[in-house]
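To start, the structure under review is shown below, and the notes come after it.
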Amino acid sequence: MIKLNTDHAFLNEDIASYQGQVNELHDAIMNKTAKGNDFLGWVDWCNNYDKDEFARIKKDAAYVRENCEVYLVCGIGGSYLGARAAIEMINGLYGKDKYKPEIIFCGNTFSSTYTKQVLDYIADKEVMINVISKSGTTTETSLAFRLFKQFIEKKYGKDEAKKRIIATTDGTKGTLFDLATKEGYTKYVIPNDIGGRFSVITPVGLLPIAVAGIDIDALMQGVTDAFNDFDTADLSKNPAYAYAVARRILQNQGKNVEMFITYDLQTTMLAEWWKQLFGESEGKNGKGIFPAAGTFSTDLHSMGQFVQDGLKIVFETLVLFKNPTEDVIFPEDADNLDNMNYLAGKSLDWVNKMAMQGTLEAHEVEGNVPNLLIEVEDMSSHSFGYLVYFFFRAVAMSVLMLDENPFDQPGVEVYKKNMFRLLGKK
Ligand SMILES: O=P(O)(O)OC[C@H]1O[C@H](O)[C@H](O)[C@@H](O)[C@@H]1O
């Protein structure tokens, strides 16, 4: 369940007044006639996904967990952010047994320092790699994959290397597909009609997430529950669409920057995933809300000044996880040299929630910064699946309301053209 609270958002239009437009766009999403309809496969993926492949993911993940210390996930953008967001949010950053094997993300940078340091770090470890690319030609990923493939082949020999490399890519074509077929790697399919930033609920996300020991049945149940809960255009019953409309109203009020806020450090990658989802979907033809993020209270000590007191272009979308995964009771100290005894006996989660309430009041009342509150039960795998689907539906509606295609990203190609010219690519 997700609840949207707009009480702190200063909306000067009624969400319900957009019901007519939302009805039409909802039908277009469900009937797959909306703009960009070639990429609406995520909508009912929970009913259509390949159950045999899903079972294979669980089997292969168990094999990986037994046979390596480091699992390299080689991908960029939608081919790594979702998995990383899930693993960090659900397992935490330092989960003990859960982090078996250690998962390292590569293929998402050209940084020589980062790449060499990963190569050095894994030199004496048992390693497997999952290379993930929908297009099969992304340069960051291809470059890193060649380096790590050669590392694995040198370490284990060509035959054993084949058992240590898994490729997730298109089901029938592309450079990575051809390479993986030729080499005889285990392959997973990225469906044609699901774009990278919507692919965390496909093998792209599910395999690394399962390797991290996370319950992917519960995750997919979360997606299914969200699909059923959001199967209505009624804005009083569908918080995903209500959030989409609230964003449009806030932008009409001059709020061109949206800050995705949480109060848990293990969700900073969730924010990165959200930034890609909204940034690539919405930033088109001079339109869109700029997606930014903050993890509070940490970032209040760096960004808090601007949010409170700076140019009034920001609204906050506060994702509040009601129940923490862990909690700690703050202890009494006989000497009280740090003057912290006033918190003795309180839970850290209570302190965090008080910080949140105080910040909300400060930003709302004195800062005049609108806040949309999204209340989520917890940081479980079920909630993760539910939450990502909530954002899928919200972003589709939000962007369609701008009369743009939510599912392409033509602007990303521009830097690539220049880079290829400079690299001398033929
Ligand atoms: O999975 P790939 O084809 O390698 O793409 C990885 C990423 O890079 C591209 O440039 C796109 O902008 C992203 O939407 C995509 O997620």
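The values are calculated or read from the model by the stated rules, or taken from the named source; none is laboratory data. Quantities reported herein were computed from a predicted structural model and do not represent experimental measurements. Positions of Cβ are generated from backbone atoms using ideal geometry, with glycine treated the same way; all protein chains shown enter the neighbour counts. Side chains are part of the model used for accessible areas, which takes the heavy atoms of the whole protein and leaves out ligands, DNA and RNA. Shrake-Rupley method; radii C 1.70, N 1.55, O 1.52, S 1.80 Å.
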*Which value, in Å², gives the accessible area per residue of the stretch 175-238 when a 1.4 Å probe is used on the protein heavy atoms?*
33
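What pairs from Lys32/Lys173; Lys32/Lys149; Lys100/Lys134; Lys35/Lys59; Lys187/Lys426 go past 31 Å between their alpha carbons?
Lys32/Lys149; Lys35/Lys59
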*Could you sort Leu360, Leu179 by accessible area so the largest value comes first, with the probe set to 1.4 Å?*
Leu179, Leu360
_Descending principal axes extents, the chain, alpha-carbon based, whole Å_ = 65, 64, 44
_Let's see if you can work this out: charge +1 on each Lys and Arg Cβ, -1 on each Asp and Glu Cβ, no other charges. What is the dipole magnitude of the stretch 45-214 about its Cα centre, in debye to the nearest 20?_
80
*Per DSSP H run of n ≥ 4, the term is -39500 (n - 2.57); total these for the chain, divide by its residue number, and report the mean residue ellipticity at 222 nm rounded to 500 deg cm²/dmol.*
-14000 deg cm²/dmol
*Net charge dipole size for the chain [Lys, Arg +1 and Asp, Glu -1 on Cβ; Debye, nearest 20]*: 2240
*What net charge do the residues around Ile152 carry, taking every other residue with its C-beta under 9 Å from that of Ile152, with Lys and Arg at +1 and Asp and Glu at -1?*
+2
*Over the stretch 45-214, what is the mean sequence separation of C-alpha contacts under 8 Å (at least six apart), divided by residue count, expressed as relative contact order in percent?*
32
*Working with all protein chains in place, sort Lys187, Lys163 by solvent-accessible area computed with a 1.4 Å probe, largest first.*
Lys163, Lys187
*Would you list which aspartates and glutamates come within 17 Å of Lys425, measuring only between C-alpha atoms, while excluding same-chain residues fewer than 8 positions from it?*
Glu140, Glu413
_Sequence-separation-based contact order of the chain, relative, with Cα cut under 8 Å and 6+ spacing, percent_ = 24
*Treating cross-link reach as a plain straight distance, find the aspartates and glutamates whose alpha-carbon is under 19 Å from the alpha-carbon of Lys155, omitting any fewer than eight places away in the same chain.*
Glu66, Glu69, Glu102, Asp120, Asp124, Glu126, Glu183
_Qualifying trypsin sites (Lys or Arg not before Pro) for the stretch 324-422 [loop in DSSP, other Cβ within 10 Å: at most 10]_ = none
*Under 30 Å Cα to Cα from Lys312, which lysines show up? Leave out anything in the same chain fewer than 8 places away.*
Lys3, Lys255, Lys275, Lys284, Lys287, Lys322, Lys353
_Given axes a ≥ b ≥ c from the Cα gyration tensor, I'd like to know whether the stretch 206-260 is rounded (a/c under 1.5), prolate (a/b larger than b/c) or oblate._
oblate
*Would you work out the relative contact order for the stretch 126-212, in percent, from Cα pairs under 8 angstrom that are 6 or more residues apart?*
29
*Please give the helix 216-229 orientation as an angle from the longest Cα principal axis of the chain, in degrees from 0 to 90, rounded to the nearest 10.*
50
*Per residue solvent-accessible surface (Å²) - the stretch 14-117, probe of 1.4 Å*: 49
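Hey, any idea what % of the stretch 193-327's accessible area is carbon plus sulfur with a 1.4 Å probe?
Solvent-exposed carbon and sulfur of the stretch 193-327 make up 49 percent of the total.
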*Does anyone have the angle between helix 239-252 and the longest principal axis of the chain? Alpha-carbon axes, 0 to 90°, nearest 10?*
70
*With point charges of +1 on the Cβ of Lys and Arg and -1 on the Cβ of Asp and Glu, referenced to the Cα centre of the chain, which listed residue (Ala242, Val200, Tyr114) lies farthest in the positive direction of the dipole?*
Tyr114
*Largest first and to the nearest Å, give the Cα extent of the stretch 45-214 along each principal axis.*
43, 36, 29
*Principal-axis tilt of helix 112-122 within the chain, Cα atoms, nearest 10 degrees*: 70
